[in-house]
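Contents: one structure, followed by commentary.
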Amino acid sequence: LTGVLDDCLCDIESIDDFNTFKIFPKIQKLQERDYFRYYKVNLKRPCPFWADDGHCSIKDCHVEPCPESKIPVGIKAGSSNKYSKAANNSKELEDCEQANKLGAVNSTLSNQSKEAFIDWARYDDSQDHFCELDDERSPDAQYVDLLLNPERYTGYKGPSAWRVWNSIYEENCFKPRSVYRPLNPLAPSRGGDDGESFYTWLEGLCLEKRVFYKLISGLHASINLHLCANYLLEETWGKPRWGPNVKEFTRRFDPIETKGEGPRRLKNLYFLYLIELRALSKVAPYFERSVVDLYTGNGHEDAESKALLLDIFRDTQSFHMHFDEKSMFAGDKKGAKSLKEEFRLHFKNISRIMDCVGCDKCRLWGKLQTQGLGTALKILFSEKEIQSLPENSPSKGFQLTRQEIVALVNAFGRLSTSIRELQNFKVLLQQNR
């Protein structure tokens, strides 16, 4: 796998070197810090599109939620939009004042009106979101320690997994009506229209729709790589041994086994990496402000976490072959606006499909990675708002919740790991020859 990627001026070798020597070691360290390892998620939301066909009963599908006592006090107490110590300490006072004010006003409001106000506020907040966010106040939302629930092969497959990916590709990836073969790589072989030659339809799509397909294909490739790299190789005396499965990797990505499609899937992974890398370089000014503090309650650790995050941002800004998002949605204003909204709603739909995944561990990592990509897209299309942020006060125009920040960093960490694992598989394949 070498050479320049389509739709951008970047080559695979440059990304490999940059990721291996600059990004991967630092993002691994950052993901181990308390602020980034605890993710609040609702794994009990019902599937909005079809009747749930039951959850996976394989033991490796299970997610162990984190007891409240283990969560750092600053994360538990923090309002989702407030990061600094001062904001968290003054929160109780604010809440009290707010309750008094609302109490005075609300006596004249019906319950219906109150709900309408809450809905309006929620609607306004969601206008720039590419994802359906979990309600963190729901009793079903729980903290999960991502380090204790790693993404790996669980054995989840069959009709349930097939239906999820099929719905993502067939209903949301702007597939032309003239294309009959399923886009889903899990689809059985159809003979003549198979393999690399199948993808001529992509060239007929506009750049934005091509990008959308590549992001989803890249995400799928990344997830498959994690499963191949962290595979259950054997279980003796109840002790599992996890590691890379070369045979499984070959089945999913080898040019001969996949009729030329495997390398395309991996190129889409690199493309997705570039998109999220670009988002990290763009969001740096948001975090450089003194008002943003990655608050857990441990001052020393919080300062170290922020310093490491800003160091990673500097690295992302030093990369000299970024994807140029200005080439997207650049046509006539009305058409561009409508296409951007269609793009956003299609992606939001995909984030909702994640609630249909039958395996809890796959659902956890699926939700986190789609939310991370959705946050990256939100950043890329909010450049003006980010540039006009006030230095010393929370911003009204552009904000990230803690949930979005944790998802953004961990999703990019997964892509960085995928590209690192790909290097490992190259070595293993050479040894096997």
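The values are calculated or read from the model by the stated rules, or taken from the named source; none is laboratory data. The model shown is predicted, which means the values in this text are computed figures rather than measured ones. Virtual Cβ from ideal backbone geometry, glycine too; neighbours counted across all protein chains shown. What goes into the accessible areas is simple: the full protein's heavy atoms, side chains included, and nothing from ligands, DNA or RNA. Shrake-Rupley method; radii C 1.70, N 1.55, O 1.52, S 1.80 Å.
Applying the Karplus relation 6.51 cos²θ - 1.76 cosθ + 1.60 with θ = phi - 60° to segment 233-247 yields 3J(HN,Hα) values of 7, 6, 9, 10, 6, x, 9, x, 10, 9, x, x, 10, 5, 5 Hz, where x marks Gly and Pro.
When the GluC sites (Glu not before Pro) in segment 196-295 are filtered for DSSP coil states and for at most 16 other beta-carbon atoms within 10 Å of their beta-carbon, the remaining sites are Glu257. Along segment 21-36 the Karplus relation, 6.51 cos²θ - 1.76 cosθ + 1.60 evaluated at θ = phi - 60°, assigns HN-Hα couplings of 9, 10, 7, 3, x, 6, 5, 4, 5, 5, 5, 7, 6, 3, 4, 9 Hz to successive residues, with x for each Gly and Pro. From most to least packed by mean Cβ count within 10 Å, the peptides 406-418, 28-40 give 406-418, 28-40. Among the chymotrypsin sites (Phe, Trp or Tyr not before Pro) in segment 228-274, those placed in a DSSP loop whose Cβ has at most 13 other Cβ atoms within 10 Å are Trp237. Hey, can you grab everything whose amide H is under 5 Å from the amide H of Trp242? Only 5+ residues off in sequence or another chain; H modelled, so Pro and N-termini drop out. It is Leu233, by chain and number. If I model segment 197-291 as equal point scatterers sitting on the Cα atoms and use the Debye formula, what is log10 I(q)/I(0) at q = 0.11, 0.12, 0.17, 0.20 Å⁻¹? Debye output, listed in q order: -0.49, -0.56, -0.85, -0.99.
In Å², and per residue, what accessible area does segment 305-348 have when probed at 1.4 Å with the other protein chains present?
54 Å²
Reported to the nearest whole Å, the Cα centre-to-centre distance from segment 1-37 to segment 380-425 is 14. Packing-based ranking of 61-69, 396-404 yields 396-404, 61-69, ordered from highest to lowest mean Cβ neighbour count within 10 Å.
How would segment 295-433 be classified by its alpha-carbon gyration tensor: rounded, prolate or oblate, with rounded meaning a/c under 1.5 and the a/b versus b/c comparison settling the rest? Rounded.
If you wrap segment 153-235 in the convex hull of its Cα atoms and look at it from every side, the mean projected area works out to 6.5 nm².
For Lys59, a cut-off of 28 angstrom between C-alpha atoms picks up these lysines, skipping any fewer than 8 places away in its own chain: Lys40, Lys44, Lys70, Lys157, Lys239, Lys247, Lys361, Lys367. Couplings 3J(HN,Hα) for segment 138-149, derived from phi with the Karplus relation 6.51 cos²θ - 1.76 cosθ + 1.60 (θ = phi - 60°), are 5, x, 7, 7, 10, 6, 10, 7, 5, 6, 8, 10 Hz, where x marks Gly and Pro. Taking only the Cα atoms of segment 282-328, the radius of gyration and Dmax are 13.5, 43 Å.
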